[in-house]
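The values are calculated or read from the model by the stated rules, or taken from the named source; none is laboratory data. Note that this is a predicted model, so its numbers are computed, not measured. Every residue, glycine as well, gets a Cβ built from its backbone with ideal geometry; the counts of neighbours run over all protein chains shown. Ligands, DNA and RNA are excluded from the accessible area calculation, which covers all protein heavy atoms including side chains. Shrake-Rupley method; radii C 1.70, N 1.55, O 1.52, S 1.80 Å.
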Amino acid sequence: MEQTKVKYLFLNGGFVPYEDAKIHVLTPAVKYGATVYEGIRGYFVAEEDEIYLFRLDDHLQRLFQSMELAWMKPPFSLEDFRRNTIDIIKKNEFREDIHIRIMVFVLSDDGSMTSLGPIGAAIAALPMGRGSSKSETGLHCGISSWRRISDSSTPPRIKCSGNYQNSRLAGVEASNHGYDNVLILNENGKLSEGAGSNVFMVRRGIPITPAVTNNILEGITRDTLIRLFHEKHGLKTEERDIDRTELYVAEELFYCGTAMEVVPIISVDKHLISEGRVGRLTQTIKKTYVETVRGRDPEHNGWRSPVYSSKK
Ligand code: PMP
């Protein structure tokens, strides 16, 4: 199993062996899903023997935003989170692509639902497995009968574990119906996102994605792609409501997210998209994205934080 390579995790202020990275089952973190988190990717560049974390500070800022919204007082400063993230990678001596998960959770002894602390934090760096071949050739997707959680109940803007119960219901339903993945509408019947990714649609050659007020997580990949579409391809992304029927007649559709990067969708509820093949703009932006995260295009090197040569 890949995870045997992980020797240490960071937990509550120190490094602990993988086997000892545990919290009690009666904490609000476990009982009520009182955990906010981030998923970050580290890309290994063999020629430089270096790992670069993509948009680390933007992920940390979103973590702090989630803590603020979820009434969790940060247990460390942003600089400490950055330093500990880099240190746990160094301590495991990774020399491959990795995925980092930073978690902040409520750890009180009495386990009360409304307790505000103590707050714990964990950082895990894991080898990044390769996506399935379907991530290249495209996914058959279904629209969920479940609606996306809303800013007026459990806000999707907070990246918290509890929110993924909604994603799980939708994901398992889609899988039970034979689909590869799922698209979730918000309570107004407009597209929100996937179970763990944002979504772009192409119509009349224009990239379109739900606005941040459509009950989505404000994805960092989404933001990256909006900027890359503009800077590299002269295309301004429309951020607006997307109707269900627009999905059926879209020229192209794709998911995007830190872990997924860019993954084409080739059918929705059995309606073929771009004749069941990966669309041209999807291919183009996927290539641009990969070149950016792997540093083959130096223009956005500011988005890439080196691990082993880090001064911090
Ligand atoms: N929406 C949801 C629900 C997600 O879990 C993710 C993955 N973090 C995304 C969108 C994409 O966000 P990002 O590009 O920041 O990874």
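Would you check if there is a residue in the range 14-28 being more than 13 Å from the ligand (Cβ to nearest atom), assigned to a strand (DSSP E or B) and open to solvent by 70 Å² or more (accessible area, probe 1.4 Å)?
Taking the range 14-28 first, the residues more than 13 Å from the ligand (Cβ to nearest atom) are 14-28.
After this cut, where a residue has to be assigned to a strand (DSSP E or B) as well, the list is 14-17.
Still in the list and also open to solvent by 70 Å² or more (accessible area, probe 1.4 Å): 15.
Checked against the condition, which is being more than 13 Å from the ligand (Cβ to nearest atom), assigned to a strand (DSSP E or B) and open to solvent by 70 Å² or more (accessible area, probe 1.4 Å), the range 14-28 yields at least one hit.
Could you list all residues from the range 95-105 that are open to solvent by 40 Å² or more (accessible area, probe 1.4 Å) and closer than 14 Å to F81 by Cβ?
R101, M103, listed by residue number.
Within the range 252-266, can one find any residue that is touching a Ser or Thr at 6+ places or on another chain (Cβ under 6 Å), more than 25 Å from N163 (Cα to Cα) and either basic (K, R) or at pLDDT 95 or above (or both)?
The answer is yes, given that some residue of the range 252-266 is touching a Ser or Thr at 6+ places or on another chain (Cβ under 6 Å), more than 25 Å from N163 (Cα to Cα) and either basic (K, R) or at pLDDT 95 or above (or both).
Which pairs turn up if I take residues in the range 193-222 that are among the small types (G, A, S) and look for partners that are part of a loop (DSSP other than H, G, I, E, B) and away from the ligand (no atom under 12 Å from the Cβ) with beta carbon separation below 7 Å, at least 6 apart in sequence or on another chain?
A211/R240
For the range 215-230, which residues satisfy the criterion of being in contact with a helix residue (DSSP H, G or I) (Cβ under 8 Å, 6 or more places away or on another chain) and more than 20 Å from G196 (Cβ to Cβ)?
L228, F229
Among the listed residues S115, S108, S144, identify the single one that is within 16 Å of the ligand (Cβ to nearest atom) and among the small types (G, A, S).
Answer to the selection: S144.
Among the residues of the range 240-253, write down those that are open to solvent by less than 10 Å² (accessible area, probe 1.4 Å) and in a helix (DSSP H, G or I).
Within the range 240-253, just L247 meets the criteria.
Take the residues in the range 275-300 that are among the aliphatic types (A, V, I, L, M) and crowded, with 17+ Cβ neighbours inside 10 Å, then tell me which one is nearest to the ligand (Cβ to nearest atom). Don't jump to the end; show me each part of the working.
Just the residues of the range 275-300 that are among the aliphatic types (A, V, I, L, M), to begin with: 278, 281, 285, 290, 293.
Narrowing the set further to residues that are crowded, with 17+ Cβ neighbours inside 10 Å leaves 278, 281, 285, 293.
On the way: V278: 20, L281: 18, I285: 14, V293: 11 Å.
That would be V293.
Could you list all residues from the range 254-274 that are among the hydrophobic types (A, V, I, L, M, F, W, C), open to solvent by less than 30 Å² (accessible area, probe 1.4 Å), away from the ligand (no atom under 15 Å from the Cβ) and not in a loop (DSSP other than H, G, I, E, B)?
I266, V268
Scanning for something open to solvent by less than 50 Å² (accessible area, probe 1.4 Å) and either part of a helix (DSSP H, G or I) or within 30 Å of L183 (Cβ to Cβ) (or both), does the range 106-118 turn up at least one residue?
no
Output the residues belonging to the range 224-252 that are within 16 Å of the ligand (Cβ to nearest atom) and free of Cβ contacts under 8 Å to residues at least 60 places away in the same chain.
I226, R227, F229, T237, E239, I242
Just checking: which of the helices (runs of 4 or more DSSP H) contained wholly in the range 126-234 hold 1 or more residues that are surrounded by 22 or more Cβ atoms within 10 Å (Cβ to Cβ)?
Because the criterion is at least 1 residues that are surrounded by 22 or more Cβ atoms within 10 Å (Cβ to Cβ), the helices (runs of 4 or more DSSP H) in the range 126-234 that meet it are 164-176, 220-233.
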